[in-house]
Every structure is written in C-alpha cells, then in structure tokens.
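The values are calculated or read from the model by the stated rules, or taken from the named source; none is laboratory data. As the structure is a computational prediction, the values presented were derived from the model and not from experiment. Note that each Cβ is placed from the backbone with ideal geometry, even for glycine, and that neighbours are counted across all protein chains shown. In case anyone asks, the SASA skips ligands and DNA or RNA and just uses the protein heavy atoms, side chains included. Shrake-Rupley method; radii C 1.70, N 1.55, O 1.52, S 1.80 Å.
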Amino acid sequence: MKLRGYVLGITSAISYGLLPIFILPIKHAHFSLDITLFYRFLFSALMIGGYLLYSKESFLISKKELLIFAVLGICYALSSEFLFLGYDYLTPGIASTVLFIYPVIVALIMFFFYKEKLTKLSIGSLLLAFAGVIILCLKGNSLEINYLGLGIVMLSSLFYALYIVIVNKSNIQASGFKLSFYSMLFTSGFFMTKALMGNESFLIPSTHTFFNFLIFAFLTTVISSLCLVYAIKDIGSTPAAILGALEPVVAVLISVSMFHEKFTFNLFLGIILILTGVILNVISDNKKSIKIEK
C-alpha cells in the first residue's frame, strides 16, 4: 500500500506539472481562462462520471458529503484560479515551484490543528523545500521578489493545501472516483458562474480546441486528481503533499524546453533542494512505519 501510494503521488505530481503546455498557449491567444477552466473541469467530471456508470457505482451521496464535495470543488477552483493569475507575474517554472510551499502549509495545519507529529527528518525536508523556493526568488545574489505574484501563488498554495487536508480528515466513505467526480463538477460550476457573470460565450471555436480541452482535462486533471486522492488514502496528507515537489520540476523542464525560460543556477539549485526534501520525507515516513509495525 505504501509503495502504491508513493507511485500514485509521483504520477499525480508529473501529471499536474504538465499544466504550462496547455495554459501558456491559451494565455498567449487571449482566450477566456474561465471558459477554458470550465471545460477542463466539466470534461474531467464527465470522464470520471463515465467510469462510475461503467463500474455501476451509485452516484448517491449524503447531505454531509454534498457539502464536503462543494467545499473541495471551491478549494480546487480557487487554487487553479490563483495559480494561473500568478503566471502573469512570475514565470511558469517559478510560479509552479512556489506553489510547492503547500506541503509546508499542509504540515503546519496537521501539526497545529490535528496534533500530527513532525519528525526531525520531516522538518528538515520542509525547510529544504522552503529554502528551494527562496532561492528561486534570487536574481544573481540579490533577492528580487515580485510580491504580488508571490502572494497570488501563495493563495493558490493555501487552497490546494486545504483541499488535501479536507480529503484526508473528512472521513468520506465515497470512493476516490466519486470524490473526484463531484469535486470536478463543483469546480466547473464555479467557473461557469464566473463566466456567466462576465457574459462570456461558451462556444468552442473549433474541433481542434475541443480536442485540446479533452486532452487538457484528461492529462492534467483526471489522472492528477485520482492519483492524488488514492495517494492520500495510502500514505497520508503530508507525504503526498511533499511528493508534489515533482510538479514544479516537470513544469520547469517544460518551461525551459518549450517556452524558452532561462535555466539559471538558482533554478537548478532550487529544484535540487526540493527533490532532496522529497527523498528525506520518504525516508522519514518509512522509519515511522517501521516503528509502528514493531
């Protein structure tokens, strides 16, 4: 179960790290972000819903689950909203990497509100990850931070952390597929409401755009969210969150190779520190498991 959890956590991170491939061309084309995100999450919900029908799983949920799914949907929507706004102020690689501060927020929430113990290795891994984010803000030897961009992406990080904690602590009996279906449905509803308020057209301009939306939804949302849900169930919130360090690594590699972002020494060092944090966390979690088994 632990090994499966780590594999799923890594798969989720890589999947989510593919976002710049789809979002940057949309931003450059000045296509509505709300409409894009509405279709991304709607198509994701329909794909997962199709699987629920195929597996003959009931769509029925309790009032409590309905409320939890609605909150999860809003958290996911706000995280996506703030991340893509952050792309206007920070490079995609740096924005995606700064988003990684969410494991620190998850760990702190779990520590202060749920009394989950932090081992020395866990604390060390979080400090390394935080140091990696700081180094990404360095230009040469000086600290030049776009505070607005950093603040926006930090809000994205906060809502992503809340999503992870709620999934872990709400004791939902629903399967990961059902949880993801309703979360995506409420997320699409959030962006539909925003688009309606802005009087935006829901018309998809071409078949090419339609298939782009489908691929975007499947690769960055369906795979990422399902793997994340099951990873959290297998290994817990903090390890799953820290494995998300691979998201910015993938995003940086894509930004450098496809969108000509400069691969600086600071970017390299930031990635190394983040990956070191991931390895330390896995070691720490394994040691904790061995102690419990003994």
With the dipole of the chain worked out from charges on the C-beta (+1 for Lys and Arg, -1 for Asp and Glu) around the Cα centre, which of Ser157, Ile105, Ser44 lies farthest toward the positive end? Ile105
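About its Cα centre, how strong a charge dipole does region 159-273 have in debye, to the nearest 20, once Lys and Arg get +1 and Asp and Glu get -1 at the Cβ? Each step should come with its number before you reach the end.
Numbers: 5 positive and 4 negative charges, 43 e Å.
Using Cβ point charges on Lys, Arg, Asp and Glu, region 159-273 gives about 200 debye.
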Shape of region 27-176 from its Cα gyration tensor (a ≥ b ≥ c, root eigenvalues): rounded if a/c is under 1.5, otherwise prolate when a/b > b/c, or oblate? oblate
At q = 0.17, 0.21, 0.35 Å⁻¹, what is the log10 ratio I(q)/I(0) for region 221-260, with the Debye formula run over Cα points and no solvent? -0.53, -0.69, -1.06
With springs connecting C-alpha atoms under 10 Å apart, model the chain as a Gaussian network and identify which of Phe59, Phe181, Phe259 has the largest mean-square fluctuation. Phe59
From the helices alone, meaning DSSP H stretches of at least four residues, give me the mean residue ellipticity at 222 nm for the chain, per-run term -39500 (n - 2.57), in deg cm²/dmol to the nearest 500. -25500 deg cm²/dmol
Region 1-157 - percent of accessible surface contributed by carbon and sulfur, probe 1.4 Å: 73
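Over 33 Å apart: what share of the alpha carbon pairs of the chain falls there, rounded to a whole percent?
Details: 9053 of 43071 pairs.
So the pairs more than 33 Å apart make up 21 percent of the total in the chain.
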Region 95-142 - Rg and Dmax from Cα coordinates, angstrom: 12.6, 40
Identify which of Leu37, Leu66, Leu228 has the largest mean-square fluctuation in a Gaussian network model of the chain, with springs joining Cα atoms closer than 10 Å. Leu66
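Order Arg40, Arg4 by their accessible area, 1.4 angstrom probe, all chains in place, largest first.
Working: Arg40 0, Arg4 120 Å².
Largest accessible area first, the residues go Arg4, Arg40.
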Tell me which of Ala241, Phe211, Ser183 sits at the most positive position along the dipole axis of region 163-294, charges placed on C-beta atoms (Lys, Arg +1; Asp, Glu -1). Ala241
Accessible surface of Lys64 - all protein chains present, 1.4 Å probe, nearest 10 Å²: 130
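Cα-based Rg of region 156-294 per 2.2 N^0.38 Å, rounded to two decimals? Please list the in-between numbers first.
Numbers: Rg = 18.7 Å, N = 139, 2.2 N^0.38 = 14.3 Å.
Here the answer is 1.30, to two decimals.
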Shape call, region 117-194: gyration tensor on alpha carbons, a/c limit 1.5: oblate
For a quick check, take a GNM of the chain with Cα springs below 10 Å and name the residue from Ile232, Ile242, Ile272 with the largest mean-square fluctuation. Ile272
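If you put +1 on each Lys and Arg Cβ and -1 on each Asp and Glu Cβ, how big is the dipole of the chain around its Cα centre, in Debye rounded to 20?
Working: 20 positive and 13 negative charges, 193 e Å.
Once rounded to the nearest 20, the dipole reads 920 debye.
By average Cβ neighbour count within 10 Å, what is the ranking of 112-119, 90-97, 214-221, 9-16 from highest down?
Details: 112-119: 11.8, 90-97: 26.1, 214-221: 19.6, 9-16: 22.8.
By packing density, highest mean first, the sequence is 90-97, 9-16, 214-221, 112-119.
Please state the charge dipole magnitude for region 47-192, taken about the Cα centre, from unit charges on C-beta atoms (+1 on K and R, -1 on D and E), reported in debye and rounded to the nearest 20. Don't skip to the end; give the middle numbers.
Numbers: 9 positive and 6 negative charges, 102 e Å.
Roughly 500 debye for region 47-192.
Starting with the highest mean, order 182-193, 18-29 by the number of other Cβ atoms within 10 Å, averaged over the residues of each peptide. Display every interim value, and only then the final one.
Working: 182-193: 22.7, 18-29: 17.7.
Ranking, from highest mean packing down: 182-193, 18-29.
Calculate, for the chain, the solvent-accessible area per residue in square angstrom, rolling a 1.4 angstrom probe over the heavy atoms of the protein chains. Walk me through the numbers before you get to the answer.
Working: 13800 Å² over 294 residues.
With all protein chains present, the chain gives 47 Å² per residue.
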